[in-house]
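One structure is given below, encoded as structure tokens.
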Amino acid sequence: MAVPHSFLTRGLSFTHEEPSSVTSTPSSPSSASEDSRESSPAFDSPKPAAGFDNVVDGEPRTTLQAKDWRAPANMHKKTFWERTWSEKLLTSTLMSDNHHYLKETNRGPVPSQPLWCDHAFLIPTTFAVPVLQHICFMLGWQWSKPVAFVIYFFGLLFFFQLSALRFDIMGNKYGLFDETFRGRDRIPDESVDIMGGGILMYFIFRVGYNITFKYDPTVAPLSEFTWTYILRWQAWFLIMDYFFYAYHRATHEIDFLWSIHALHHKSKHPTMAHAVLGTHAQHIMEIIIIPTLTSYIVPLSCGEQWVLYLCLAHIETMGHSGIRIHAPCTNTWLSCLPFGAEITIEDHDIHHRYGKSGKNYGKQTMMWDTVFGTREYRVETANCPTRWINDKF
Ligand SMILES: [Zn+2]
Ligand SMILES: [Zn+2]
């Protein structure tokens, strides 16, 4: 990925005394980020050494710190066929190199994304397979369970590919949070296998659960959607997020449960790939137990569950993307936006920077963090109003 010429050729002077030369003006969001990091022991405090260059060993610098202490990551240097099976599974989650490099300039105010942008992406992509199945059904071809599993499996893969491409374009265009301190983390070599296992479990369960327990080949899929869907949708997300909040907060606050979740927090500047960075116990809890329990409380048909699962995955990955935009959560805008309890990308990004001390435990909403007082102030998007329509984007 091309790096701005000026960034490669113009020498930077990273000095502790003059951080503003590489970050921003004192009133900028990035400055606020540095201030909050210094005032909070939960954040890494940058100690920029004097006189180092912006190119290290022929590569653009990845962090403002004197040395990048992150675990070795080499997957991106291999061709697809040189990669292990786990690495091949994670290939679609790789972002442009540009996401991982330190940026030298402040980009100005964070743009706000109106709700319709996510809706315009999600409606056609999440309904694509049910519509295809409906057309086949009307033409007299009823998909058997094995056929439905294969088509829905590749439908999920296609959805992730499109999402990754979209996040990559947005990240290059709008930048990443905290990018003047540190570029985004790569997929560490030591975690490739467990992340590959996580993504496999994600695919098999999210498709397999639906096909095994809910799929009926004799029913036209689009006829399963009823007018109460939007109400059950909101209830599902609020209840699921309550369970997730309780479990997630417990892993942070009860020491022996931290071992379940600590691996996920090895990344302080994640990309969408790090949504599956976690132990097997975490994967089982988050991919299987919590959503399944919720689906027993709030019933959904096969098609309804499919669309909801894809939108759930969208927020899970988008929340880890670090894209520097203010995007009120698509899934729960109806129930959360009126209360200012919507989740945005920066909320979970800040959660990762806190580590065990924790804040912002919600995954789909800020509702329970607001109710129980664990919500953290936003930094770079602090001045972004929540808007349904915004012409800045
Ligand atoms: Zn956490
Ligand atoms: Zn996370």
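At-a-glance table
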read-out: Relative contact order of the stretch 115-372, defined on C-alpha pairs under 8 angstrom at six or more residues apart (%); value: 27
read-out: Shape category assigned to the stretch 339-383 from the gyration tensor of Cα positions, a/c cut at 1.5; value: oblate
read-out: Of Lys266/Lys356; Lys88/Lys173; Lys88/Lys268; Lys103/Lys268, those spanning more than 19 Å from alpha-carbon to alpha-carbon; value: Lys88/Lys173; Lys88/Lys268
read-out: Inter-site label distance for Asp68 and Ile123 at 7 Å from Cα along Cβ, in nm; value: 4.1
read-out: Net charge contributed by nearby residues that have their C-beta within less than 13 Å of Gln282 (K/R +1, D/E -1); value: 0
read-out: Neighbour-count order for Lys77, Lys173, fewest beta carbons within 10 angstrom listed first; value: Lys77, Lys173
read-out: For Glu346, net neighbour charge (Lys/Arg +1, Asp/Glu -1) across residues whose Cβ lies under 13 Å away; value: -2
read-out: Charge tally in the Cβ shell below 15 Å around Val219, where Lys, Arg are +1 and Asp, Glu are -1, Val219 excluded; value: -1
read-out: Rel. contact order, % - alpha carbon contacts under 8 angstrom, at least six apart, the stretch 70-179; value: 45
read-out: Difference of contour (0.36 nm per residue) and Cα-Cα distance, Ile297 to Leu165; value: 44.1 nm
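Bear in mind these aren't lab numbers, they're just calculated from the coordinates by the rules spelled out. Predicted model, so just to flag it, every value in this text is computed and none were measured. Virtual Cβ from ideal backbone geometry, glycine too; neighbours counted across all protein chains shown.
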